[in-house]
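A short reminder: the numbers here are calculations on the coordinates, not readings from a lab. What you are looking at is a predicted structure, and each value in this text was computed from that prediction instead of being measured. No Cβ is skipped: glycine too gets one built from the backbone with ideal geometry, and neighbour counts run over all protein chains shown.
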Amino acid sequence: MKRAREESSQWSNLLRGNSQLLVLAVLRDGPKHGYAIAQEIRRRSGEELPFRQGTLYPLLHEMERDGFIASDWQITDAERPRRVYRLTLRGEAEYERLLARWKRFSVAVARLTGIDHAGDPSTETSGP
Amino acid sequence: MREIPPPKPPALEGRLADYVSAFRRALGGTPSAFSSRYECEIADHLRLLVEDGLARGMSVEEAETWAIRQVGRPDEIASTLLEAYYDDSPARSLTRALGRGVLVAFSIAAVPQLVSTWLLAWKTHFPEADLARLAVDPTWFRELGIASAPLIGATPVNAALYAIALVAPWIVGFAVGQRLPVRPSRYLLAAQTVLAAYALAFGASLWPTTDGLLIALVHVV
């Protein structure tokens, strides 16, 4: 039980450190509201990244403050108000920067551990 | 979809309404563009989750429980949002850090100052006194307060210790204050109120001496 909690906590920390990259990646496909962003992250990660949905809004607030995304209210077909977020030019540049950083990190980990393709244990080699 | 100005937070019912109310309270309770916006977003998010839950075959109650669990505790979300909000500018951040620091430092500083001063004065002024006297003699309060003033700084060691006692809590207070949430907890405020009342009584007991007035002002303000 404790081990599972620790595992979950470590996983959350990994996710937290890269959450901006995930949001930017999802918004590159087009504007989305908060719920759709969370769902898309979950879906595209194969349910491996269970984004705690409450943490999404503080993150979006920070990203908007930093100019990586912009948002406005829109009315849906069901006449509901909904805040829709979109990527800015600055956000696009930030995405490229974060992606490059992640690639560098994952390549370094792969070299260190001898995994050909970081994140896929089935491709583990016998050693460096 | 078409663009519109910020809407009013939607009206919800049942547990979702309770959740959004708790979220609003945690954000400060006062309607503002900031709180309305996120109240609206969270409410919309919850509603979409409930719809999702219903589509998965859950009952309304199950879907609401599931939606609330997915989103997380309202006070945690509000706290993180406020942190992000107050971090918006360096000036705000500095003001917040100073505010917290003063608050905590005052609370920490007040206790050892009052207790040590009183104990020192009590020991010197009433070497033979027993605790029972404190409960029955109404003059002890005043005598003790007056007796404490000349003791501070009477010797270099006393002065040094007093200086440390004065400065150390402020340093600790600022360090702890940096880690506090935006709004101080109700317990901290309650402790402060008690300390302020205590200090007021202490100061008032010395009235009309200058020391009494000064101590009362410093501790209560």
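Residue by residue through B:34-46, how many Cβ atoms from other chains fall within 10 Å of the Cβ on average?
Across the residues of B:34-46, the mean count of other-chain Cβ atoms within 10 Å is 4.
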What residues qualify as long-range amide H neighbours of A:Ile69, i.e. H under 5 Å apart, gap of 5 or more or another chain, H built at 1.01 Å from N?
A:Glu64, A:Thr88
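Averaged over B:47-56, how many beta carbons belonging to a partner chain fall within 10 Å of each residue's beta carbon? Working shown, then result.
Details: counts 2, 9, 4, 0, 1, 2, 0, 0, 0, 0.
Taking the mean over all residues of the peptide, I get 2.
Please state, to two decimals, what the Cα-based radius of gyration of chain A comes to when divided by 2.2 N^0.38 Å (N = residues). Please list the in-between numbers first.
Working: Rg = 17.0 Å, N = 128, 2.2 N^0.38 = 13.9 Å.
That ratio works out to 1.22.
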A correct Karplus calculation of ³J(HN,Hα) over region B:55-66, with 6.51 cos²θ - 1.76 cosθ + 1.60, θ = phi - 60°, whole Hz and x for Gly and Pro, returns 5, 8, x, 7, 6, 4, 5, 4, 5, 5, 4, 5
Collect residues whose amide H, placed 1.01 Å from N in the peptide plane, falls under 5 Å from the amide H of A:Thr76; neighbours closer than 5 in sequence don't count.
A:Arg82
Would you tell me the mean number of C-beta atoms belonging to other protein chains that fall within 10 Å of each C-beta in A:55-65, as a whole number?
6
